[in-house]
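Inspection log for the structure reproduced underneath, given as structure tokens.
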Amino acid sequence: MDEGVGRTALMVAAARAVEAGRPDALARDTYAEHFVRASASSADWPVHPDQVPGGDADPLWGRLGRFFALRTRVFDDFLLDRAAAGTRQAVILGAGLDSRAYRLAWPPGCAVFEIDRAEVLAFKRTVLDALGAVPPVQRHALAADMRQAWTERLIAAGFDPEAPTSWVAEGLLPYLPPTAERALIDTVVAHSAAGSALAYEVKHVEKPAADAAADYPLHTVVRERIGVDLSALFNREPRPDSAAGLTARGWTTTIRTPFDFTRQYGRGPLPQNNDTLAANRWIFASAPAGH
């Protein structure tokens with residue numbers, strides 16, 4: 001749980017914990033600090049704004065932390081808006097240590113399917129069970145590698161491919177090779193009834209892998225302070241234009257930047273020079289009516 005992408009999940013959880021203590025919090029995840037404290041490798045990380053020297057000016061727990069909080073809020077709103085419109089089935093791909101099934105105000109009758117690696121889900125279950133946490137929805141946690149087949153397990157858990165679904169892939173695709181990204185999008189399309197929608201994040205890699213000297217300053221800070229090498233974790237192969245592929249299949253797609261939402265919500269990161277966050281795009285796609 002403390003290596004690779006698992007460690008990034010702890011980093012995002014710490015960012016959510018810090019955000020929850022801000023008076024102007026974009027999202028409040030009261031479970032996040034318990035995940036951080038439960039792992040030996042992150043037990044001394046900050047979980048409250050008072051523990052962050054420099055506050056929002058700190059590049060890691062300030063600026064990057066607010067980015068993660070902003071992303072959490074945006075994808076929270078997507079799921080709640082879809083649920084309010086009548087969608088009662090949500091699938092969170094690469095769920096990590098997010099606690100949406102527990103903390104969001106879901107309407108009655110909703111089912112939330114969380115898919116991630118077995119060790120991540122086991123750690124998550126241990127922490128939440130110790131807290132006595134009970135989700136207000138039907139929650140199904142499915143262990144799977146997102147680079148391999150997982151739909152049979154999803155259907156066996158009660159997923160209905162004939163019902164509208166809200167799909168979320170938050171902070172997942174940038175780690176996957178292009179073939180896995182294409183396969184994941186294809187799978188979502190194949191299992192999306194009319195009324196379904198997908199929200200996901202992509203990252204346009206602009207620097208070649210060999211250009212280590214030109215690494216983003218924020219990546220350097222994260223690597224030196226908490227040992228997470230984002231440059232090594234992100235897949236640097238040429239990325240497919242999955243949004244264009246969805247549009248070609250009749251889906252309605254909208255592409256936004258994080259900074260669009262910073263301006264919408266009135267808080268969050270703004271552009272900087274040589275900024276890794278400038279490469280992030282959040283894509284929102286809706287299935288055609290006759291799909």
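The table for this structure:
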{"read-out": "Volume of the Cα convex hull of the stretch 1-127, divided per residue and given in Å³", "value": "100 Å³"}
{"read-out": "Computed magnitude of the charge dipole of the stretch 6-145 (debye, nearest 20; Cβ of K, R +1, Cβ of D, E -1)", "value": "260 debye"}
{"read-out": "The chain - mean residue ellipticity at 222 nm from DSSP helices (-39,500 (n - 2.57) per run, n ≥ 4, rounded to 500)", "value": "-11000 deg cm²/dmol"}
{"read-out": "Cβ-derived FRET efficiency at R0 35 Å, A194 paired with V134, nearest 0.05", "value": "0.60"}
{"read-out": "Charge-dipole axis of the stretch 1-153 as Lys and Arg at +1 and Asp and Glu at -1 on Cβ define it, positive-most pick from L128, W106, H34", "value": "W106"}
{"read-out": "C-alpha center-to-center spacing [the stretch 104-136, the stretch 178-204] in angstrom", "value": "23 Å"}
{"read-out": "Residue order, fewest to most surrounding Cβ atoms within 10 angstrom, among L154, L79, L97", "value": "L154, L79, L97"}
{"read-out": "Exposure proxy order (Cβ contacts within 10 Å, fewest to most) of I185, I283", "value": "I283, I185"}
{"read-out": "Three semi-axes of the equivalent ellipsoid, the chain, Cα gyration tensor, whole Å, largest first", "value": "28, 23, 18"}
{"read-out": "Taking R263, R88 and counting other C-beta atoms within 10 Å, the order from fewest to most", "value": "R263, R88"}
{"read-out": "Helix runs (DSSP H) in the chain reaching 24 Å along axis by Cα, Kyte-Doolittle at least 0.5", "value": "4-20"}
{"read-out": "Debye, to nearest 20: dipole size of the chain, +1 on Lys, Arg Cβ, -1 on Asp, Glu Cβ", "value": "400 debye"}
{"read-out": "Among P164, P23, P177, residue whose mean-square fluctuation peaks in a GNM of the chain (springs only between Cα atoms under 10 Å)", "value": "P23"}
{"read-out": "I255 versus L233: modelled label distance in nm, points set 7 Å from Cα along the beta carbon direction", "value": "2.5 nm"}
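We did not get these values from a lab; they are worked out from the coordinates using the rules stated. As the structure is a prediction and not an experimental result, all values here were calculated from the model. Don't worry about glycine lacking a Cβ; one is built from the backbone with ideal geometry, like all the others, and counts go over all protein chains shown.
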